[in-house]
Amino acid sequence: MSSRLSQEIELQKVDSKEERQNKLEYDCVVEDLERTGSSFGAFFNIVCVVAGTGVLQMAYAFTLAGWISVFITVLSALLATYTGSILIKCLYYKGPKHRLDGYAAIGEAAFGRFGKIFTQVFQYSILLGVSCLYIILTKISLEDLTQQLGVNINGKIWVTTAACLIWIPFATLRTLKEVSWLAIFGVIATIYVVIVIGIAGFMHMDDIPTPRHETIIYSGLPMGLASISFCFGGTPVYPHIEQTMKKPKDWPKVLIFASITCCIIYLCAGVFGYYVYGQDSKSPIFLSLPEGALTTTSTIAITLHVLLAAPIMLTSFSMELEHYFRISTTYRSRTQSFTYRLALRTGILLAITVVAMFVNQFGVFMSFVGAISNTMVIFILPVVLYLKLFGICRSIFDLVMCFICIVVGVISCVLGTKDAIIALHSA
């Protein structure tokens, strides 16, 4: 018995270095406070990330394809739910006790170092690009609100103000579990905007000509599909949201309920706006709404949502770098961990603030990057990685869903890229 025990100890010593390396590359470093987030908080994080600024363009998206956009919205929600589910499944392809570290780690497990870098390029461009666009959108909203009061303030001041407001929760809250309370207020703000679209729109019906509606606009179907599918882009942060859940087995249920909520929010915004304004609906919908207190408060609400959603996107990106640089209590003291994390996150926010402040055409450029990155991260990559890790011998349902996701992803990518190139040429 003693001899056998000694042999086992020696084998453990030989394999320990390899096991540690494997653990660092593939498995998640779980700290004391991780896996303590509620499923309720994860639900709000998903809804806050997915449902937001897309509300402002849903009515216009309906003008591209007509009432068939209701079906397109439901289809997009279904596909995004499926890819979000299989992406998390890929995290555990080695077994329930061996969780990969995130989206990039899935790419590495499937295609080696090339897969990791390839995935990171698209993932990071989404997380940083959307966060930067959020700052720009906040600047535009604040400028509009102050101009209504007859006050003109330099846009760079508003960019700095927005960055400072985002910095407070981003720099001080460590994981998405702590950020989840921001998501609750973000969701409330988004729902308020939808209510305003409905109330203000119906109050305005007597002042506008009879709207024209179309059931199906065949020439606009591909563009409508591309526009609506872009609105369900929360996939890059899903691994980090799931990582904080105390009950990770609840993920499929949480994702389904969150997707249904987002779908309802988008349908309400699209149906209300399109019913009232028809083919004359504009993007953002505020351009169609009458001026007044309701429109002003809804502008404030969507600005609030943007300010609350940005820390979620940035925290997801920061957690990737923090794991890479081993900024955690697993490797450092709590004081060192907090100091390094604060410095890193402040530097990240400063970088995107400078870009938002000085690059005038950044929004158009990010539309180009986002057209490719969004479709890759949301629809195409999850399917490719899933089939690579689990094999193509899947059920008929899986194969059909994967095929539809690839088709939708390619259509959205091609048309979105085309529109972005046209916008870049016109800018």
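The values are calculated or read from the model by the stated rules, or taken from the named source; none is laboratory data. If you're wondering where the values come from, they're calculated on a predicted model, not measured in any experiment. A quick note on method: Cβ atoms are made from the backbone with ideal geometry, for glycine too, and the neighbour counts reach across all protein chains shown. The protein model used for the area step is the full one, side chains on, heavy atoms only, and it has no ligands, DNA or RNA in it. Shrake-Rupley method; radii C 1.70, N 1.55, O 1.52, S 1.80 Å.
Summary of values
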| item | result |
| --- | --- |
| Unmet criterion (only one of (1) within 19 Å of the chain's Cα centre (by Cα); (2) closer than 29 Å to ILE140 by Cβ; (3) at pLDDT 90 or above; (4) open to solvent by less than 10 Å² (accessible area, probe 1.4 Å)) for LEU255 | (2) |
| Residue selected from segment 200-223 under the condition open to solvent by less than 50 Å² (accessible area, probe 1.4 Å) and part of a loop (DSSP other than H, G, I, E, B), by the criterion nearest to PRO290 (Cα to Cα) | ILE208 |
| Residue among THR138, THR119, THR160, THR175 that alone is in contact (Cβ under 8 Å) with a residue 60 or more places away in the chain and more than 30 Å from ALA104 (Cβ to Cβ) | THR160 |
| Residues of segment 89-110 satisfying the condition of being aromatic (Phe, Trp, Tyr) and buried (at least 17 other Cβ atoms within 10 Å of the Cβ) | TYR93, TYR103 |
| Count of residues meeting criterion [closer than 8 Å to ALA59 by Cα, open to solvent by less than 40 Å² (accessible area, probe 1.4 Å) and of a type outside the set (A, V, I, L, M)] in segment 279-293 | 1 |
| Filter result (within 12 Å of PRO311 (Cα to Cα), of a type in the set (Ser, Thr, Tyr) and surrounded by fewer than 23 Cβ atoms within 10 Å (Cβ to Cβ)) within segment 130-179 | THR172, THR175 |
| Meets criteria (part of a helix (DSSP H, G or I), under 25 Å from SER69 (Cβ atoms), aliphatic (A, V, I, L, M) and touching a Pro at 6+ places or on another chain (Cβ under 7 Å)) for ALA226 | no |
| Segment 380-397, subset free of Cβ contacts under 8 Å to residues at least 60 places away in the same chain and in contact with a helix residue (DSSP H, G or I) (Cβ under 8 Å, 6 or more places away or on another chain), residue surrounded by the fewest Cβ atoms within 10 Å (Cβ to Cβ) | ILE392 |
| Residues located in segment 399-408, provided they are in contact (Cβ under 8 Å) with a residue 40 or more places away in the chain and either within 11 Å of SER229 (Cα to Cα) or open to solvent by less than 30 Å² (accessible area, probe 1.4 Å) (or both) | MET401, CYS405, VAL408 |
| Residue check, SER298 outside any helix (DSSP H, G or I) and open to solvent by less than 40 Å² (accessible area, probe 1.4 Å) | no |
